[in-house]
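The values are calculated or read from the model by the stated rules, or taken from the named source; none is laboratory data. Worth saying up front: this structure is predicted, and the values here are computed from it rather than measured. Please note: Cβ atoms are built from the backbone with ideal geometry, for glycine as well, and neighbour counts cover all protein chains shown. All accessible areas refer to the heavy atoms of the entire protein, side chains included, with ligands and DNA or RNA removed. Shrake-Rupley method; radii C 1.70, N 1.55, O 1.52, S 1.80 Å.
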Amino acid sequence: DDVKRNDIKSAAREAFAAYEAVAMGHDELAPVSNRGVDDFGGFGATLVDSLDTLYVMGLREEFTRALMYLKKRDSALSALARGEVNRDVSVFETNIRILGGLLSTYDLTGDADVLELSETLASRLSAAFQTPSGVPRSFVNVKTGHSFGLPWVGKASILADFGSMHLEWATLSARARNPIYEAHTAAVFDKIMATPVASSTPTGLFPVLFNPETGAWVGQKVSFGSLGDSFYEYLIKCWRSLDALHEADAWRRAFDAAMAAMKTSLLHTWKTSENGERFAYVAPLGGDATSMEHLTCFMPGMLVLGGAEAPTQALAADYVQMAKDIARTCVAMYTSTPTGLSADTVQFVANATSPTFTVRKSIQRPETVESLFYLYRKTGDDTYRQQAWTIFQAMKRNYRTSNGGWQGIKDVSVEHAQGDDKQQSFFLAETLKYLYLTFSDGETMHLDEWVFNTEAHPFKITKNVTTVEAAVAM
Ligand code: DMJ
């Protein structure tokens with residue numbers, strides 16, 4: 001598997017080189033129009049998102065150049081420290097991509113300058129938490145501290161955003177020995193748990209929108225896809241990985257309660273194969289109950305982590321079984337299209353051989369290969385490697401541009417589909433990293449030593465954990 005791993009490493013080298021050539025310091029590369037674009041506040045999302053991937057893959061020259069660029073006096077992050085940057089940024093995207101990438105680089109290298117940049121950034125984002133409820137607004141100006149919500153959700157804050165910050169902020173508090181950061185996000189967790197939901201919302205699940213001014217939930221939509229996903233992921237990741245976690249048992253209980261409610265109310269069977277294998281999917285509540293977004297395919301990975309140290313062996317086995325059943329569907333979402341890539345949202349007609357595509361684009365997302373990585377580490381079953389490899393081959397066929405950049409495609413049902421001229425920063429942060437690690441041995445970024453944030457940035461686990469592989473043999 002060295003050959004396969006090296007092939008994935010070459011893809012990362014190539015994608016980073018294309019970014020470095022024309023878009024260095026910008027958030028993302030537009031590989032066809034050959035320019036840099038700034039969709040995430042201009043802190044160099046791809047640059048920071050790539051750092052630990054380059055490091056883990058042993059691309060040390062690229063890593064050193066990237067780190068030097070970031071630390072340059074005129075980089076946006078250095079200018080931020082001097083109070084010279086006047087921009088509105090998404091608190092969530094800046095947290096998972098930029099703060100996450102900085103913290104993992106610090107954990108991998110111990111570079112004190114990087115920790116200082118992390119603290120500066122978090123201090124600037126902190127202003128978003130100054131709301132009557134303590135739940136942050138979605139956007140903040142990093143110079144003035146003015147924060148605001150997004151009009152398309154009626155200025156509500158989004159569960160997946162404000163509910164997935166604690167891993168980064170508690171890690172920052174631990175590394176910087178300053179409790180102020182985790183105090184913000186621990187208070188948000190308490191608020192989520194203490195705020196009543198409508199009686200129609202199954203106990204353990206939460207609506208995707210929250211009003212930070214009144215401190216009440218908005219609407220009743222529940223989702224393990226957009227707007228909800230990483231909140232549930234962080235329940236188990238924080239519980240499993242953080243030393244001295246505030247209200248530690250409450251996080252594990254919240255995770256198990258959410259999974260129980262998800263199993264009862266959101267988990268559906270699409271079909272069962274002749275040899276009895278179940279194809280499961282998770283639909284939103286208050287949305288189309290026959291649909292699933294590709295985003296939801298992170299769930300098998302989360303369930304594998306939930307299976308480690310579950311309260312009972314039976315529950316552990318149940319989590320791993322659900323993980324396998326959902327992953328089977330996610331893989332079918334790839335193998336059933338002419339391009340070999342999954343659509344962004346699909347619908348399932350009972351017993352149909354293929355899903356129906358509702359949002360046809362494929363934008364280099366990581367969730368399915370992320371889950372295959374966890375399942376391979378958990379079970380050692382080579383099928384997961386084969387599936388990951390098949391998906392990577394489809395990515396190579398469809399995503400590559402003539403100058404070495406990689407882009408998404410607009411329609412997975414069309415061979416030679418039109419590209420979207422966007423190399424996502426998470427392609428280097430997550431997709432290629434999870435693929436690479438799937439073909440590495442289990443000691444590389446061992447799951448008992450590292451926890452990956454929702455953008456796949458690894459933080460060192462300081463707590464004693466039970467091994468993912470040994471928790472239940474299946
Ligand atoms: C990534 O930015 C993160 O994984 C996030 O949690 C949701 N999805 C995108 C990639 O699809």
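Placing +1 on the Cβ of every Lys and Arg and -1 on the Cβ of every Asp and Glu, with nothing else charged, gives the range 282-373 a dipole about its Cα centre of roughly 280 debye. For the range 259-299, the Kirkwood estimate of hydrodynamic radius, built from reciprocal distances between every pair of different alpha carbons, is 11.0 Å.
The sum of -39500 (n - 2.57) across all DSSP H runs of n ≥ 4, divided by the residue count of the chain, sets its helix-only mean residue ellipticity at 222 nm to -14000 deg cm²/dmol.
For the range 119-210, the spherically averaged projection of the C-alpha convex hull amounts to 6.4 nm².
In a simple Cβ point-charge model (Lys, Arg +1; Asp, Glu -1; nothing else charged), the chain has a dipole of about 460 debye relative to its Cα centre. Remark: the range 66-141 carries 35 Å² of accessible area per residue (probe radius 1.4 Å; ligands, DNA and RNA excluded). Each semi-axis of the equivalent ellipsoid for the chain is √(5λ) with λ an eigenvalue of the Cα gyration tensor; in descending order they amount to 30, 28, 22 Å. Each principal axis of the Cα cloud of the range 388-466 was evaluated for its coordinate range; sorted largest first, these ranges are 49, 23, 21 Å.
If the Kirkwood radius is taken over C-alpha pairs of the range 317-473, then at 20 °C and 1.002 mPa s the Stokes-Einstein diffusion coefficient equals 129 µm²/s.
Counting only protein heavy atoms and a 1.4 Å probe, the range 299-437 has 32 square angstrom of accessible area per residue. Ordering A283, L167, A308 by the projection of their Cα atoms onto the charge dipole of the chain, which places +1 on the Cβ of Lys and Arg and -1 on the Cβ of Asp and Glu, puts A283 at the extreme positive end. In plain terms, if you count all Cα to Cα distances in the range 251-372 and split them into 5 Å steps from zero, the share in each step is 2, 12, 22, 24, 20, 12, 6, 2, 0 percent. A Cα-only calculation for the range 64-221 places Rg and Dmax at 16.5, 54 Å. Excluding Q130 itself, what net charge comes from residues whose Cβ is under 13 Å from its Cβ, given Lys and Arg +1 and Asp and Glu -1? So the surrounding residues net to +1.
Of all aspartates and glutamates in the structure, those lying under 15 Å Cα to Cα from K191, and not within fewer than 8 positions of it along the same chain, are D161, E182, E213, E247. Taken about its Cα centre, the range 222-279 carries a charge dipole of about 120 debye when Lys and Arg each add +1 at the Cβ and Asp and Glu each add -1 at the Cβ. With a Cα-only, solvent-free Debye model of the range 227-293, what are the log10 I(q)/I(0) values at q = 0.13, 0.18, 0.28 Å⁻¹? Calculated log10 I(q)/I(0) at the listed q: -0.49, -0.78, -1.17. The candidates R278, R65, arranged from most to least accessible area with a 1.4 Å probe in the full protein assembly, appear as R65, R278. Other residues within the sphere of radius under 15 Å centred on the Cβ of V346, judged by their own Cβ, net out at 0 (K and R +1, D and E -1).
Taking the chain as a whole, the Cys residues whose C-beta sits 4.7 Å or farther from every other Cys C-beta are C238. Here the chain has 49 percent of its accessible surface on carbon and sulfur atoms, given a 1.4 Å probe and all protein chains in place. The value given for the range 431-473 is a Kirkwood hydrodynamic radius of 11.3 Å, derived from the mean inverse Cα-Cα separation.
Over the Cα atoms of the range 179-308, the radius of gyration divided by the Kirkwood radius equals 0.99; this is the Rg/Rh ratio. Only lysines eight or more places from K410 in sequence, or on another chain, were considered; those with a Cα closer than 25 Å are K361, K396, K422, K433. Against the criterion of solvent-accessible heavy-atom surface with a 1.4 angstrom probe, E309, E367, E449 sort, most first, into E449, E309, E367. In summary, the lysines within cross-link reach of K263, defined as a Cα separation below 16 angstrom excluding same-chain residues under 8 places away, comprise K324. Working note: Karplus 6.51/-1.76/1.60 with θ = phi - 60° gives the range 357-366 the couplings 8, 10, 10, 8, 6, 10, 10, 6, 5, x Hz, where Gly and Pro are set to x.
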